[in-house]
Amino acid sequence: MGIGTEQATLAIVAAVAAWLVVRRSIAHRLAASVAAALVVALVLPRLWSPPATPTAVQQAAHKSDELGYVSSTKCRACHPAQFASWHRSYHRTMTQVATRDVILPPYAPAVVHGRGRELRLDVRDGELWAKDIHPDALFQFVMRKPDPDAAPPPSLPKMEGPVVMTTGSHHMQMYWIRDAMGIFRQLNWVWLVKDGRWVPTEDVYNQPHSGSLGILGGGSWAAACAPCHATAPRARWPRADRPVADTRVGELGIACEACHGPAADHVAANRDPVHRYELHVGGADDPTIVNPAKLDHVRSAEVCGQCHAVMNRRPQDLDWEKGSSYRPGKDLSLYRIISTLEVEQTPEMRAYYWPDGTSRATGREYNAMIFSRCFTEGEMDCVSCHSMHKSDPDDQLAADKEADGACLQCHAGFAAKADLEAHTHHAAESTGSRCMDCHMTNTTYGLLKMTRNHRIDVPIVAGVDGGEKPNACNLCHLDRTLAWTQEHMADWYGTPARPLSDDETRVPAGLLWLVRGDSIQRAAAAWHLGWEGAAGALPPGWGAPWLARSLDDPYASVRYLAGKSLQRMPGYERFEYDYVPPESAQKAAVGAAKRAAGASADAAIEAGRDELFERLRATRNDTPIALAE
């Protein structure tokens, strides 16, 4: 029966029972009793039968307390404020069971197209189902196809099933299906939150046009994502006595115990209210739990570094049955080998660093911070500036560490306006006087944007052709040359000059990075041309002609950032652009963008721009760079 029919039946039976009672005869009352029993028989199953467990709940990685992880719900009773602030964070929502309120795209049937393939979505019994090319088959196709724009043949194997888990909720969200072997497979599509659209997974990474990052990650959530996107994961792969994977976690997402360690002993010890009160009044540390804020700065930073770093696991930390043996407060170097430019030998891994050794991949802040003098010669750690519990979830800067507050807690001498301006040679209110804009530049790429580099250093004018890190001054003054910046640095700070090429002396630094740089330099220039911090230092619309010509860049990351920055320029506010291939569409977009704001009105100027752009592009640094964020 449908719900409407069932309700109507109950109403009729109840009405008959009431009429029989009114008749008052024994026969009528007996019939009323029978009718009442019928009502009870229909209603009770509704009251007592539990609702069916959603498939996503059944199939998602199961919580387990076998290793002493009790999950955040056990923390809530004694730490309600901390629980509430963590619950608002994007750490919590990094991995979730794919319920209707968690999935961000429209919860409706749809067919999505891109890169010559399609994603089919459907809603079955209230659950979101997806049909997609199997990631293993798509990976093999991408690796061997001769034409980067070739569409996959319809014969490639498909996977189909309910979406059971999600990864991400801030910038983008990815989706997982559990296959017959119990392995979580990623859809080959990503939902961009702010854009409100689906894109192929290849087009959210910095990688060559025909790269396979994103597809390769679809091989397994337990291997590729869980180590940092869940708390205490254990892959528990299929084996002879377990034909289906039984992946378990202490908790989905990055929860309390990821930073404080397994809490079973802590919960047991603090069931006694007298014991809790004694700890609270006496101010003594509780040995049953770890508080990163109370560790020395090295061990505290390592708590975050267990995930926010490029690293390799040592053999003793590779156990797919028991998971990682590192626990917060321990010496991370005993479990992981932290990557640096010096130890990496392959071009693929060296690409994660600027030539000066600074990490340039988002999510790897630890690799950069540990080379800062504030860390090596001081006691700075992650919680010196960030807070999981007293911050805006967007960047998690502690409430009093925003703007220059994070730096002034140690460098208080620059708080006075006169001292600040004497140091920066910029107005105190300007971008040029913001500590982080000079000493923590946005030279780290990830998630289709640039973010702050956590190696705190001083601006240095470096070249372009060797893939060097862009300097802070020209990331605002993109229309100025490296020679112009070098002269000011020498005059203001006595910085030694370095030899510059003819182009580095004559051509604006922003244009050199955007056209001739490697893919990360190009991404950085494209992003900064739309950055509000640089707006006051640039002539209005200065970057528009160059961004327009960058819309067919071979890297999706550069195309995306160039398109977004161009749309912030005068005359381009309504310019429509899709950065997803095919290549022919990108080349057409270049012509449309050049015409959009009447840029072709002066043919001589346009011809000169074309000539300069093509000359620089002919010597572009095409070193392949693929960053698995």
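Can we say Tyr366 is in a loop (DSSP other than H, G, I, E, B), surrounded by 18 or more Cβ atoms within 10 Å (Cβ to Cβ) and not β-branched (Val, Ile, Thr)?
no
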(request) Kindly state which helices (runs of 4 or more DSSP H) lie completely within the stretch 435-504 and contain at least 3 residues that are closer than 24 Å to Leu612 by Cβ. (result) 472-476, 482-493
(message) On the basis of being farther than 19 Å from Gln207 by Cβ, in a helix (DSSP H, G or I) and either in the same structural domain as Leu627 (by TED's automatic domain parsing) or modelled with pLDDT of 95 or more (or both), does Gly533 make the cut?
(response) yes
(message) Let me confirm something: among Val580, Val558, Val590, which residue is part of a loop (DSSP other than H, G, I, E, B), of a type in the set (A, V, I, L, M) and out of contact with any Cys (no Cβ under 6 Å at 6 or more places or on another chain)?
(response) Val580
(message) Going by what's in this entry, would Val97 be described as hydrophobic (A, V, I, L, M, F, W, C) and either under 30 Å from Ala269 (Cα atoms) or within 22 Å of the chain's Cα centre (by Cα) (or both)?
(response) yes
(request) Of the conditions (1) surrounded by fewer than 15 Cβ atoms within 10 Å (Cβ to Cβ); (2) on the phi > 0 side of the Ramachandran plot, Gly323 clears all except one; give me its number. (result) (1)
(request) Just need a number here: residues in the stretch 195-229 that are at pLDDT below 90 and of a type in the set (Asp, Glu). (result) 0
(request) May I ask you to verify whether Glu160 is among the acidic types (Asp, Glu), without any contact (Cβ under 8 Å) to a residue 12 or more places away in the chain, assigned by TED's automatic domain parsing to the domain that holds Trp221 and assigned to a strand (DSSP E or B)? (result) no
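Do you know which residues across the stretch 336-355 are without any contact (Cβ under 8 Å) to a residue 24 or more places away in the chain and not aliphatic (A, V, I, L, M)?
Glu342, Glu344, Gln345, Thr346, Arg350, Tyr353
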(message) Yes or no: the stretch 208-228 includes at least one residue that is touching a strand residue (DSSP E or B) at 6+ places or on another chain (Cβ under 7 Å), in contact (Cβ under 8 Å) with a residue 40 or more places away in the chain and part of a strand (DSSP E or B).
(response) no
(message) Any residue in the stretch 110-132 that is without any contact (Cβ under 8 Å) to a residue 40 or more places away in the chain and under 27 Å from Thr53 (Cα atoms) sitting within a Cβ distance under 9 Å of a residue that is crowded, with 18+ Cβ neighbours inside 10 Å and hydroxyl-bearing (Ser, Thr, Tyr)? List the pairs, counting only those 6 or more apart or interchain.
(response) Asp125/Thr55; Leu128/Tyr175
(request) Have a look at Ala537, Ala596, Ala544, Ala556 and point out the one that is closer than 30 Å to Gly214 by Cα and either surrounded by 16 or more Cβ atoms within 10 Å (Cβ to Cβ) or touching a Ser or Thr at 6+ places or on another chain (Cβ under 8 Å) (or both). (result) Ala556
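Is it fair to say Trp198 is in a strand (DSSP E or B) and not aliphatic (A, V, I, L, M)?
yes
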(request) State all residues of the stretch 261-290 that are within 12 Å of Arg327 (Cα to Cα) and polar (S, T, N, Q); if no residue qualifies, say none. (result) none
(message) Could you check the stretch 599-611 and list, in sequence order, the residues that are buried (at least 16 other Cβ atoms within 10 Å of the Cβ) and modelled with pLDDT of 90 or more?
(response) Arg609
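Can you list the helices (runs of 4 or more DSSP H) lying wholly within the stretch 258-351 that have 2 or more residues being of a type in the set (Phe, Trp, Tyr) and more than 27 Å from Arg92 (Cβ to Cβ)?
Because the criterion is at least 2 residues that are of a type in the set (Phe, Trp, Tyr) and more than 27 Å from Arg92 (Cβ to Cβ), no helices (runs of 4 or more DSSP H) in the stretch 258-351 meet it.
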(message) So, Pro154, is that one surrounded by fewer than 21 Cβ atoms within 10 Å (Cβ to Cβ) and touching a residue at least 40 places away in the same chain (Cβ under 8 Å) or not?
(response) no
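The values are calculated or read from the model by the stated rules, or taken from the named source; none is laboratory data. In this text, all values refer to a predicted model and were calculated from it rather than measured experimentally. Positions of Cβ are backbone-derived with ideal geometry, glycine not excepted, and every protein chain shown enters the neighbour counts.
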